[in-house]
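The values are calculated or read from the model by the stated rules, or taken from the named source; none is laboratory data. Values in this document were obtained by computation on a predicted structure and should not be read as measured data. So basically every Cβ, Gly included, is an ideal-geometry build from the backbone, and we count neighbours across all protein chains shown.
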Amino acid sequence: MLGPLRAEVDAGVVTPRGPRSRDLLAVLVARRGTAVASETLLDLVWGDEALGLTATALHTAVARLRRQTSADLVVSGDLGYAVPADVSTDADVFADLVARAGANVGAGASPDKAPNAHEAIASLREGLGLWHGERAYEGVADHLVVAERTRLEDLRRKASADLCHLMLGLGERESDTAARDLAQSLLLANPLDEEAAALAMRAAYRILGQGEALDVHDTLRRALRDELGVQPGPTIRELHARVLQQDPSLDRNPTTPPGPRLVALHPGRQIPAATSLTVGRAAEVRTVLDALESGRRLVTLTGPGGVGKSRLLGEVGRALMPTVEVAHVALGAHAGLPIDDLAADVALASGLSLTGDDPVAALLATLRTSTATILVDEAEWVLGSVAELIALVLAHCPGVRLVVTSRVQLSVVGEQVIVVDPLPTADPAGPLQALREAPAVQLLTQHLVDRGDLPDADHVAEADLRMIAQVARRLDGLPLALELIAGAAGSAPLASLRDVAAHALDITSVDHGRDERHRSLREALDWGIGRLGPDARVVLRRLGVFAGPFTVAAAEAVIGDGVRDAGHAVRELARHNLIRVVREPERLSFLMLRTVRDLALDELERSEEVERTRRLHRRWFAGVWRDAALSDQLVEHVGRTHEDHMEALANALEVGDDRAAGDIALALCRRWQFVEASGIGLHWTAIVLARPGLSERQRARLEICRGAFRLEPDWSPTHHDRLSRVLVGDPEWMGMLALLGAITAYVSGDLDAARAHLDEGRRVAAAGTSLLPEIIATRAVVDAAAGETDAAVRGAHDALARIGLIRSAVHSVTVVPKVALALLDAGQPAESLDLLTAAAQDARERFGIEPTTATAVNAGWSALLVGRTDEALGWFRRSLSGPHPATAPGTVGEAACGAGCALAGSDAERAGELLGLGDFLLASSGQELPPALAAMVAEAVVSVDRTAPPPDWDVDLAIGRVGQLVRS
């Protein structure tokens, strides 16, 4: 896989010949252990050419593949063709070696534990030595292996960077030299890789001195400027400053090994990073902060398009983040959404869990105890829904504050409107000092310096400065217009800018009835687009189908044919500032502003390429995660591109492409399950399951997702058996079906049935799915509930060993809480508490999320059992407040019982009320506490009077009262 397609079978390493054979084997190997139906293989491998082909053509191709490789490599059955699960590939060995290195690093690769570092280095070198080509799955069609190829190549880059880190940590000249060579090879493969450049700078500084390190920096800076029109990010800038100062620490070995990468599971928890300097907005930022500090809960920033409202919103968010929980939601891709869909999208972007059938009610319940500040960008595209939803949030969620950008004010009671004006300009004929101090002139000058079109912002010739001032005034000081003009200026910027200063374009536009200055923005856009080459103009209009951020790979897939170098055209658009560069933890991606997107879509309509481009767009998102197991990469990518997944799903449903709709919906469901968005999951699974064109396997998988969203299946044992038959040869989803059955049986108290499901799940998961640790951890929970504590502890430790020292986000959320619960019920509360405390810290530092309610509640019980009542109360309080409060009656009831036990010795009256409410809520949901916890409640009831809620109270009243009692 790591180059030309190879698989290790009994006969040795085999390599198929011919593109069709490579494509066919790639599809089957990517789905090892899973039978792939003949019609699916024809559609995937032959594409449009499959029309008119029969199963005979596939049988012939499979026979040819067997002759080229091994007779038993591809097996056939009633459900289709499959490569056995036990077939090994070089990709498997590579991933295992990288994981082994990570375990050694996790154990501590610091100077006092150097053997671990040497072992990690050996593993990484061995793994990287397996690569024998430039790309994973070389020679295989992109659409067949895009997810796996991306995963492997990202892992290769990460392994190479980690190897550099570790070799620099050894402090040996030979290892420093090897690290430099490896970092340079990373830069050769991707000259825009800032992490590789930082490693190369460190190694070069040690080996060759300051000058060589500065050369690496200058090469990166020129590449970023020439290719994308941006400057290096903050990490490189900080390192550059240290090199200039000849910081002595650069000669010392790093004291910490490379740690696990940040996984951005909830994009809304990150403020979009600015790629250029913010000029002239300090006063406005202070005005917004003062308004919030004075008690204002809704601040709306208004102004014409391109005036810099989004940039100002980001600066406000960055100023708040050190001390305030902040979420960021961009609505430019959500035009026309009704309030229910808007509430669901806001929750998903912000990482808030939604349960129940009413997204608005669920969002309000989740935010009821929150103290977050929510930043809402481009609200004008869904003005009515935004205004209605914000009014409800202000009424029902007293701790929430909102800062909104909109070209039109919301007209909501309590709104403070702050008008964002264009940057002040200066008279081009006025004093030079006035020109230099004018913010609009400073901004345009800075953009030209950043792009290398001017050498230095402090030493601009008088004639050039006056020309810049003339252009800034001509464009009314609109920041986006100034940015677009700088991007389109070309190699002779000031000469080109004279055109803008001298000629007004005859363009009119209506900007929601607002400022005529928007005309300046349209002029700048048209002037910039007019300077694009023919390929770039084609690419611009086709990229208009993207609603959110996209990578070069995604762009190339959607652009299609007719363009000589799509990647080069994308970078040209970035240089012209027609698409924005987005800095992400592992890569650079791109985003088209809504204003530019509208023009691009207009061009696309006129070109009559809409249907073709939309088809490529939905096929890309249908194929990226088709048949893929749940992983951090899937959760992160679907979250980051959620708007595009939803647009692709809507388009597939509209045109009747049911197979694509099924694949897209399944990828979305995997993320919705992970972020506990059961309401939206139930809504969309119902819609997609009603489509007649789904395959049997797609339908079975979606039914399992729907059962998980409901927290129990709504089918009979006979239907469960039918799903099992449909999913034969599909270990990932067979395992999920078994887990769903086991959890349902466990909740209802049928431990024998739960064990039977888990035994079946372990049998199918043994074929090699990532579900195995979760199945083992769930069995440990069941064993503990049955009183078999030794088996529970063994199972808990087995599950922990299988997920390793550096855990994925998926395993942190799906496995660790179950292990902790098993240990808690098995009488090991101290170990459970240590595990949950570490998991909560990991969640914050690596994934940017607060611990789940399950983590917080279980940690509370563990702390109680080891006698830390104050700590326990803190955990229960966290489970009912903050960004992810418990809203399910059974969970709130359990937290209420735990808090009542914690308070029994200090506040009998409040403890008694909490215990009564907890009992009421648990009974209303048909749940019971495990024996060890029930015993604690029974002991607490002896010392306090348990107070039942009034007879006319419902569940919502009880949940609200629990929150009041615990928070007070």
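In table form, for the structure just shown:
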| item | result |
| --- | --- |
| Scope the stretch 36-70; condition of a type in the set (A, V, I, L, M), in a helix (DSSP H, G or I) and touching a helix residue (DSSP H, G or I) at 6+ places or on another chain (Cβ under 8 Å); matching residues | Leu41, Leu42, Leu44, Val45, Ala50, Ala55, Ala57, Leu58, Ala61, Val62, Leu65 |
| Verdict on Ala629 being closer than 18 Å to Val813 by Cβ, surrounded by fewer than 20 Cβ atoms within 10 Å (Cβ to Cβ), touching a residue at least 40 places away in the same chain (Cβ under 8 Å) and not assigned by TED's automatic domain parsing to the domain that holds Phe550 | yes |
| Those residues of the stretch 901-926 which are closer than 28 Å to Thr744 by Cβ and small (Gly, Ala, Ser), in sequence order | Gly918, Ala923, Ser924, Ser925, Gly926 |
| Subset tally (residues that are crowded, with 21+ Cβ neighbours inside 10 Å, within 21 Å of Ser812 (Cα to Cα) and modelled with pLDDT of 90 or more) for the stretch 738-774 | 9 |
| Subset tally (residues that are outside any strand (DSSP E or B) and modelled with pLDDT under 90) for the stretch 575-591 | 8 |
| Residue in the stretch 510-525 that is modelled with pLDDT under 85, in a loop (DSSP other than H, G, I, E, B), in the same structural domain as Ala488 (by TED's automatic domain parsing) and touching a helix residue (DSSP H, G or I) at 6+ places or on another chain (Cβ under 7 Å) present | yes |
| Matching residues, the stretch 865-874, being farther than 14 Å from Leu821 by Cβ and not β-branched (Val, Ile, Thr) | Gly867, Arg868, Asp870, Glu871, Ala872, Leu873, Gly874 |
| Residue match in the stretch 728-745 (condition: touching a helix residue (DSSP H, G or I) at 6+ places or on another chain (Cβ under 8 Å), part of a loop (DSSP other than H, G, I, E, B) and under 30 Å from Ala843 (Cβ atoms)) | no |
| Residue identified as among the hydrophobic types (A, V, I, L, M, F, W, C), more than 19 Å from Asp598 (Cα to Cα), out of contact with any Cys (no Cβ under 9 Å at 6 or more places or on another chain) and modelled with pLDDT under 85 among Leu494, Leu484 | Leu494 |
| The stretch 45-75, subset under 25 Å from Ala765 (Cβ atoms) and not acidic (Asp, Glu), residue surrounded by the fewest Cβ atoms within 10 Å (Cβ to Cβ) | Val75 |
| Residue match in the stretch 906-915 (condition: more than 30 Å from Glu712 (Cα to Cα) and not in a helix (DSSP H, G or I)) | yes |
| In the stretch 691-724, residue modelled with the highest pLDDT [restricted to those that are farther than 15 Å from Arg659 by Cβ and aliphatic (A, V, I, L, M)] | Ile704 |
| Wholly within the stretch 785-852, helices (runs of 4 or more DSSP H) carrying at least 2 residues that are surrounded by 16 or more Cβ atoms within 10 Å (Cβ to Cβ) and at pLDDT 90 or above | 789-803, 816-825, 829-847 |
| The stretch 170-181 residues that are under 13 Å from Arg202 (Cβ atoms) and touching a residue at least 12 places away in the same chain (Cβ under 8 Å), paired with ones that are assigned to a loop (DSSP other than H, G, I, E, B) and of a type in the set (A, V, I, L, M) (beta carbon under 9 Å, 6 or more apart) | Arg180/Leu208 |
| Which numbered condition Arg100 fails, given (1) within 26 Å of Val728 (Cα to Cα); (2) at pLDDT below 80; (3) not β-branched (Val, Ile, Thr) | (1) |
| Some residue of the stretch 882-899 being of a type in the set (A, V, I, L, M, F, W, C), within 16 Å of Leu836 (Cβ to Cβ) and not in a helix (DSSP H, G or I) | yes |
| Residue check for Leu689: in contact with an Asp or Glu (Cβ under 8 Å, 6 or more places away or on another chain) and farther than 29 Å from Pro549 by Cβ | yes |
| Residues satisfying the stated conditions in the stretch 431-458, i.e. free of Cβ contacts under 8 Å to residues at least 12 places away in the same chain and surrounded by fewer than 16 Cβ atoms within 10 Å (Cβ to Cβ) | Pro431, Gln433, Ala434, Glu437, Pro455, Asp456, Asp458 |
| Tally of residues being in a helix (DSSP H, G or I) and in contact with a Leu (Cβ under 9 Å, 6 or more places away or on another chain) across the stretch 936-951 | 4 |
| Some residue of the stretch 459-476 being modelled with pLDDT of 90 or more and not in a helix (DSSP H, G or I) | no |
| Residue check, Ala136 farther than 22 Å from Val243 by Cα, outside any helix (DSSP H, G or I) and of a type in the set (Gly, Ala, Ser) | yes |
| Single match in Val545, Val558, Val538 (criterion: within 34 Å of the chain's Cα centre (by Cα), surrounded by 15 or more Cβ atoms within 10 Å (Cβ to Cβ), at pLDDT 85 or above and part of a loop (DSSP other than H, G, I, E, B)) | Val545 |
| Any hit, the stretch 904-926, residues being touching a residue at least 60 places away in the same chain (Cβ under 8 Å) and crowded, with 18+ Cβ neighbours inside 10 Å | no |
| Residue match in the stretch 301-317 (condition: assigned to a strand (DSSP E or B), more than 29 Å from Ser678 (Cβ to Cβ) and out of contact with any His (no Cβ under 6 Å at 6 or more places or on another chain)) | yes |
